[in-house]
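Right, one structure below, let's go through it.
The values are calculated or read from the model by the stated rules, or taken from the named source; none is laboratory data. It should be emphasised that the depicted structure is a prediction, and the values quoted were computed from it without experimental measurement. Ideal geometry is used to build each Cβ from the backbone, glycine not excepted, and the neighbour counts take in all protein chains shown. These accessible areas exclude ligands, DNA and RNA; they are computed on the full protein's heavy atoms, side chains included. Shrake-Rupley method; radii C 1.70, N 1.55, O 1.52, S 1.80 Å.
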Amino acid sequence: MDAQTLPPIIAAMRGQPTPHTPVWVMRQAGRYLPEYRAVRAKTDFLTLTRTAELAAEVTLQPIRRFALDAAILFSDIMTPVEGMGVEIAFNPGPVIAKPIRTAADIAQLRDLVPERDVPFVMESVRQVRAELPKHVGLIGFAGAPFTLFCYLVSGKPSKEFGTARSFVQAEPQLTAQVLDKLADAMIVYLAAQAQAGAQALMIFDSWGGLLGRDAFREIALPPVRKIVAGLKHLGVPIVYFCNNGWTLLDHVATLDIDVAGLDWRGSIKTARQILGPKIAVQGNLDPAALFAAPDVLKSRVAAVIDDAGPAPGHIFNLGHGIWPETDPDQVGRLVDHVHEYSIKRRSA
Ligand code: 1CP
């Protein structure tokens, strides 16, 4: 596909002008959709992620319903970690049978060979790409090493991940080893998704914002930098999202990324000043805004677009994943209003 016919979302990720502000929604395939719940009523989550046809089907569900500019591969950040030999259950978040705590545990983490260990992921990417209209982009993703480490060491979801964060302090060398192994695995994993047809790659650092500035810079950031360096040659835009990362944004600005994801807690205008003109921005409506009356929701959508300003390089999204209780009709209103309002603004 030549530059002129790039899906708008990919153009925006490269900082190019687009006819409207492209939009997608974090966790857009999920429990707020009745058609997703219908699939889940018959299939457990692990089977869903491991069966390419089913994963492709739920990836496409939100695309059929809404005028979204991108699909995101249906999978989980822990899927490649399972591929590395770790036993994981979902209840509903990831639960690790035997958390990683010793050098022997780390030695057991095997190198990821995507076509051997998670072939269904690339097969699902290929099937989705074959079905997607040309103007809709396909985003592949992985968890950032520190976020994966949080689950691997703590063994289950947690508000503070105290077990993982104390491990970082008590065992700095083992920590660096795990993070480096995870970085190497995520490089081959993301590259395999791009080769199968993913047109952008997103790295989710959902728990990076739990770290102080020094720990973030010294521990969480180096493996992300390694991943970005390992993928650059693919020529696919790279998005890095650090949830709760506003106080870390000047460190994020040092990454060679194309897009920074932003949660709802801060102003896009401020982020743009910190990130500079080379990094596009993605975000950042509060997921709670989807519970406002339709007219209020529209004004909140407009406020995000106004905050992002007229410069190219804004991808509309929520500031974090959509909540399962959300009314799907509100997502339709959000997507349509992003398009309508951004077109109106461009011609104003
Ligand atoms: O159906 C179900 O009951 C399972 C719920 C579920 C779903 C729908 C899980 C378990 N994972 C997913 C899919 C998923 N996970 C996607 C694809 C769907 C889409 O975006 O449309 C993606 C991108 C993820 C990524 C993911 N998993 C993240 C990063 C994004 C974020 O929200 O910060 C994280 C932290 C996870 C871990 C995870 N997996 C599942 C849950 C419920 C959780 C969160 C657990 C926790 O709160 O710590």
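So here's what we get for this one:
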item: Index of the failed condition, residue 305 passing every other in (1) free of Cβ contacts under 8 Å to residues at least 40 places away in the same chain; (2) more than 16 Å from the chain's Cα centre (by Cα); (3) assigned to a helix (DSSP H, G or I); result: (1)
item: Enumeration of residues in the range 18-46 that are near the ligand (Cβ under 10 Å from one of its atoms) and of a type in the set (A, V, I, L, M, F, W, C); result: 24, 25, 26, 29, 33, 39, 45, 46
item: Which numbered condition residue 49 fails, given (1) more than 11 Å from the ligand (Cβ to nearest atom); (2) of a type outside the set (A, V, I, L, M); (3) assigned to a helix (DSSP H, G or I); result: (1)
item: Sole residue being away from the ligand (no atom under 11 Å from the Cβ), outside any loop (DSSP other than H, G, I, E, B) and within 23 Å of residue 333 (Cβ to Cβ), chosen from 12, 56; result: 12
item: Odd one out for residue 320, checked against (1) closer than 21 Å to residue 262 by Cβ; (2) assigned to a helix (DSSP H, G or I); result: (2)
item: Residue tally, condition charged (D, E, K, R) and open to solvent by less than 60 Å² (accessible area, probe 1.4 Å), over the range 318-348; result: 0
item: Scope the range 128-148; condition touching a residue at least 24 places away in the same chain (Cβ under 8 Å) and either among the aliphatic types (A, V, I, L, M) or open to solvent by 60 Å² or more (accessible area, probe 1.4 Å) (or both); matching residues; result: 128, 129, 131, 132, 134, 135, 136, 138, 139, 142, 144, 148
item: Contacts under 6 angstrom Cβ, first residue in the range 46-59 being open to solvent by 10 Å² or more (accessible area, probe 1.4 Å), partner part of a helix (DSSP H, G or I) and within 8 Å of the ligand (Cβ to nearest atom), 6 or more apart; result: 54/48
